[in-house]
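Asker: Have a look at this one before I ask anything.
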Amino acid sequence: MDVFECIFTRRSVRKFLEVPVEWDKIGYILEAGRAAPSAGNLQSWKFIVCTSGNQRKALAEASLGQSWMEKAPVHIVVCSEPKKVEMFYGIRGERLYSVQNTAAAVMNMLLAAQAQGIGGCWVGAFDEDMVKRTCGIPEIGRPQAILCFGYPEGKTKDPGRTALYTVTFVSSYHGRIADMNKMMGYPSHKLRKAISSGKEALEKSSSALDKLIDTGKKLTQRKKKNK
Ligand SMILES: Cc1cc2nc3c(=O)[nH]c(=O)nc-3n(C[C@H](O)[C@H](O)[C@H](O)COP(=O)(O)O)c2cc1C
């Protein structure tokens, strides 16, 4: 899966199979977080991996009762260390860079999950004190996000995005581009279409392959019986 496919096919997954996530895959997710950029390379983050049922239940309760979270076999609580960043960059570091550093790590982790066939969801709506108590987070740490991971159950719909030309300006705010696709040399909807038709073709050929294998098995069984 290349980076574009990974970005464009990622969805927030909130329904999970009751299948544990392998530790090596969790390891890659954590490594991807660690590889994120950060202001001054301060790496002002901590990742707390939570897999126990009780702790996941407590985290779901702390997240304003988002009960779907409990079913995700892995939660990773991403914390920032704002005071550490303040020492280097003052108030801007404390309030802005510390948040941005963890957000960059979070996005890397979500994409690393997607690349490995694991669904994830970024949860930001939670009571910070409850999360701090649940995970024993000291004064220096501030929980920024809870990431829920697991193998997805079913497909998740794309909630859609506003058109590129409505969110992109050239030179100044409100500097609209008359024909975005012409200027950029590619139409983004074509890119998406190419990705989804590629995926469909792959799915079709793999199900055809499954059928062939099945027929092969049945034929061998019949031959054995006839002998
Ligand atoms: C800062 C932030 C906080 C979020 N908090 C929650 C949350 O508390 N619960 C939830 O179900 N989704 C949460 N989301 C996920 C968004 O709802 C989701 O990304 C958005 O609807 C777009 O869907 P997509 O991720 O499938 O593209 C959050 C996302 C971000 C970036």
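Asker: Any lysines with Cα under 29 Å of the Lys227 Cα? List them, leaving off those in the same chain fewer than 8 positions away.
Answerer: Counting by Cα, and skipping residues close in sequence, Lys227 has these lysines nearby: Lys211, Lys217, Lys218.
Asker: If the cut-off is a Cα-Cα distance under 20 Å, which aspartates and glutamates reach Lys157, setting aside same-chain residues fewer than 8 apart in sequence?
Answerer: Within reach: Glu5, Glu200, Glu203.
Asker: Let me ask another. Between region 66-84 and region 11-34, what's the alpha-carbon centroid distance in Å?
Answerer: Computed from Cα coordinates, the inter-centre distance equals 12 Å.
Asker: Also, I was wondering about something else. Return Trp68, Trp45, Trp23 ranked ascending by Cβ neighbour count within 10 Å, so the fewest neighbours appear first.
Answerer: Values: Trp68 15, Trp45 22, Trp23 10.
Final ranking by Cβ density, sparse to dense: Trp23, Trp68, Trp45.
Asker: Moving on. Along the charge dipole of region 3-150, which of Trp45, Leu64, Gly141 sits closest to the positive end, that is, farthest toward it, with unit charges on the beta carbon of Lys, Arg, Asp and Glu (+1, +1, -1, -1)?
Answerer: Leu64
Asker: Which angle from 0 to 90°, rounded to the nearest 10, does the C-alpha axis of helix 53-62 make with the longest principal axis of the chain?
Answerer: Roughly 50 degrees between the two axes.
Asker: Leaving out same-chain residues fewer than 8 places away, which lysines sit with a Cα under 27 Å from that of Lys132?
Answerer: Those lysines meeting the cut-off are Lys15, Lys25, Lys46, Lys57, Lys71, Lys83, Lys84.
Asker: Work out how far the C-alpha atoms of region 1-82 reach from end to end along every principal axis, then list the three figures in whole Å, largest first.
Answerer: The principal-axis extents, from largest down, are 37, 34, 24 Å.
Computed from the coordinates by the stated procedures, all read-outs in this text should not be read as laboratory data. Predicted model only: the values in this text are computed from it and were never measured. In this analysis, Cβ positions are derived from the backbone assuming ideal geometry, glycine residues included, and neighbour counts consider all displayed protein chains.
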